[in-house]
Structure formats: structure tokens, C-alpha cells
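Read-outs throughout are calculated quantities, based only on the coordinates presented, and are distinct from any laboratory measurement. Everything numeric here is computed off the predicted structure, so don't read it as measured data. Backbone-built Cβ (ideal geometry, glycine too); neighbour counts: all protein chains shown.
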């Protein structure tokens, strides 16, 4: 998958789970713009993991701030599996 | 980043509480009157927010054992076992815990928090993978973080989801450590341990069960949910605490694994802290046989839990789980739960307020914990307080 297609699939997966009306793109931030708290992000991650059939370790989430960051992490996990 | 900005989230929560005019985290129990009653704000208050499940904190045998140790061995050990020596009581308690569980090894820690921190951080290092139930206690997550293992979270109480994540690991699944609890502290729900054991066997992984809230409560011999489910032999590591049903403070891990002999040397929360005091060890040693023979206490606890569960259900409250000694009432939102909690305290009932992010599913709860020492009249008084507050919701 290309980075753009991962971002596209990721955006479609999380859109139903995001209550704020912010536009979702590569640079949208999870905690700031999407107004998600840590617990909501954890639940969102479970849905993302199922969609891509990967497991994303909690350890890497500290460095994930935007949809683009998460897309890059997904690409890395898909590459490892 | 300003030095105080890290506290921004805390400041926000405290401001919310200040706006309502209630501080649920600053409750002062002015005098402890019994295992189930204390003086709060000058009022005799039913304590339904402790974890004194078997009511052993005032058992005369435990008190006598603690007093004797205090007199003979002094007030404290003044250091860690590794650097400053092990007392005979530490060693004896470890032997007794190993025998109680029918496991070869036991290690005692100074608190329940440190038992998880010390065990998990030693077992799972940077090259290891742990799979954690989403609703596990903070001490389990902190243990993972301290050890540096790769942490994968699976859906709460969902063996199918666990299996899916183990499958993704490929060959690494055989070395993975699965972390679950027996009874979960927020809602009081039990883990489906039999199903988890089947998954663990399928992938050759190891399973650690934290029985903090189920020790003394579940199982014919009080060993917890693993005993009740008939899978104690399949659980590789059992972690527990002295601070709930045993009425003391401290924690432990028991296991047949040969790693246990090395665990203390690799466990920073074991090495770099003072060991439990002689009085603590002695009172726990006195409580352990009472817990093992505690069929009557467990029956009383179950009856009390059923009475409260049924009473609150009849009042129309939504409860977090089927009957256990933890009875969590689910309320609409944080402010409602806060006001409700304060209303109970005004009516002489102390329970726990639990709000996000400490709770699963972002729920706001008032959490009652039942004791075998509660009288039926006290349980009825708790129900009456809930009944009086129902119309205020």
C-alpha cells in the first residue's frame, strides 16, 4: 500500500469514531484537533488494528501525534508482518 | 514546557471538583470504629469503599500476631532484603504462600503495586512481548513500562481477540506473556480464565493472573478465580496482594517457574525498597490460614454481595457486572456521579467515586465494595441511601 492509500483507509476507519467536526487529513492531531482523550485513542487503536490486521505496540504511541504519524507506524508494522 | 504545565490535566479536574464544591479524593476517616464503620465529618459512617473483603483487619488473632512481632522484632526492617537482610518471617511467609498455592516458589513484595511492577518488569524485558487485557490495573501497565517490553493490548475479557493478536506475532507468540486479572477492580467482573488458558496452550505462551481482588473471595480454598475455574495449574504466575482480603499491606508472586529464583535479583521494585515490617508480615501470616479455612466468611461475603446487588437492581440502578463483592453503579456522567457520591456520604455511606480515565468505557461510577463483616442491616442501610438519592438523578 502507498502512504496515501494507508492515510485514506485510516481516515475512513477512524472517521465514525471521532465526534469533533475537524477535517481529517495527514496533519490532523489526535489529542488537539480530534479532541480525543487517552482512553478514546486506545479504543480507536483497537479498531485500526483490526482494519489493517496488525498489532501496534503501546510503546510507539507516545510518538504518534497525527494521522500521518500513525499511517507511517502502520506501514512499518505491515512491513514487519 | 513550563515546570507546572505537566499538571494542567490535574488542575482542570481539581477545578471541576471545586466548581461543584466536593472533594472526593480528600476524605478523612477521623476514627476507624470497626472493619465496616468509621467516623467521617463527625458522623458514624458505613465503610463500603474499602477492600476489606473478609473483614480481617480487626481479627484478634491477626492483631495479636502483629503486636507480638512489633514487640519482639521492632517497628521496621529499615532497609531492603537484598542489602539489609531477610527476616525469618519474610522467608516463612514465602514458604506458606507457595504451599497455599501448591507452587514451588513465592516472592514477597512490599506493596501490591510493587508485586506487579517487580514481577512483570523482571519477567518481560526489552526483547519480550506482553499482551495486556485492556482493562488491567495501572500497576500492570507500569510494570510493562518499567521492563521495556513491547506491549500489545487486547479487548477486555476477549479470548478470541487475544488469540488474534497472538496469531499476528507468529513464532514470537510462544515467548509472549499474557497479563490478566481475576476480578477487575472497577466493575467487579471476572476473567474467563478457562478460555484464556486454552488460548495460552494453543500458542505456548505464558499466563500471569493478578488475583488482587479475588484472593480470599473466589475458589473453595480462597485462592481466587483460577482455582474456581479449575485452571490454577495452568497459570504460570499468580500475583496477589495482602492489602485486601488479608487485611495488611504488601504483595506476592507465586509460580513453578525456575525464573522465580532469579527474579528478586532482576527486580528493581524488590531490590530498591524497604521490606515489609515484622508486624505486617506477622499479621498476614496469621490471616492466611483464616483465609484458607474461610468458607463461612466467603459464604457471608457472597450473601452480602447478593443482598446489595439485588437491592440496587430492584431500585432500578444499572450495575457494572454480575454479582461479586465489587458492586459498581453506573451513572450518567462525572458531575452526576460526584454529586451522588457526596449524597451517599451525607447519608452515612462511604463508597468510591470512579471517573474517567480510571474507568473502562469512559463510565462514571460509584463503586461499593462489600465485606463479610457488613451486617445485613448495614447492607440494607446502604440500599436505603441509594433509594433516597434515586429521585435526585
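Stretched out straight at 0.36 nm per residue, the stretch from residue A:65 to residue A:50 would grow longer than its current Cα-Cα span by 3.4 nm. Kindly state, to the nearest 0.05, the FRET efficiency for residue A:12 paired with residue B:299, given R0 = 56 Å and r defined as their beta-carbon distance. FRET efficiency, residue A:12 to residue B:299: 0.55. Taking packing as the residue-averaged number of other Cβ atoms within 10 angstrom, the listed peptides A:8-17, B:160-169, B:320-329 run from highest to lowest as B:320-329, B:160-169, A:8-17. Rg/Rh, computed from the Cα trace of the stretch B:116-246 with Rh as the Kirkwood radius, has the value 0.94. Mean per-residue shielding of peptide B:131-141 is 1, counting Cβ atoms of other chains within 10 Å of each Cβ.
Normalised by 2.2 N^0.38 Å, where N counts its residues, the alpha-carbon radius of gyration of the stretch A:7-47 equals 1.03. Based on alpha carbons, the Rg and Dmax found for the stretch B:291-369 are 13.7, 43 Å.
In terms of its C-alpha gyration tensor, the stretch B:1-151 has an oblate overall shape, because the principal axis ratio a/c (a ≥ b ≥ c, square roots of the eigenvalues) is not below 1.5 and a/b does not outweigh b/c. When Rg and the Kirkwood radius Rh are both evaluated on Cα atoms of the stretch B:24-92, their ratio Rg/Rh stands at 1.11. Fraction of C-alpha pairs exceeding 33 angstrom in chain B: 34 percent, rounded to a whole number. Tell me whether the protein assembly as shown comes out rounded, prolate or oblate; compute the Cα gyration tensor, take square roots of the eigenvalues as a ≥ b ≥ c, and use a/c under 1.5 as the rounded threshold. Taking the square roots of the gyration eigenvalues as a ≥ b ≥ c, the protein assembly as shown is oblate. With neighbours defined as other Cβ atoms within 10 Å of a residue's Cβ, the residues B:309, B:90, B:374 order from fewest to most as B:90, B:309, B:374. For the stretch B:226-282, the spherically averaged projection of the C-alpha convex hull amounts to 4.9 nm².
Here's the picture: a label point sits 7 Å out from the Cα of residue B:377 along the beta-carbon direction, and within the stretch B:291-316 the residues with their amide nitrogen under 18 Å of it are B:304, B:308.
Using all pairs of distinct alpha-carbon atoms, the Kirkwood hydrodynamic radius of the stretch B:352-391 works out to 11.8 angstrom. Separation of the stretch B:20-74 from the stretch B:157-213 is 35 Å, based on Cα centroids.
I need the shape label for the stretch B:194-293. Rule: rounded when a/c is under 1.5, else prolate if a/b > b/c, else oblate, with a, b, c from the alpha carbon gyration tensor. It is oblate, given that a/c is not under 1.5 and a/b is not larger than b/c. With contributions of -39500 (n - 2.57) from each DSSP H run of at least four residues, the per-residue ellipticity at 222 nm computed over the protein assembly as shown stands at -13500 deg cm²/dmol.
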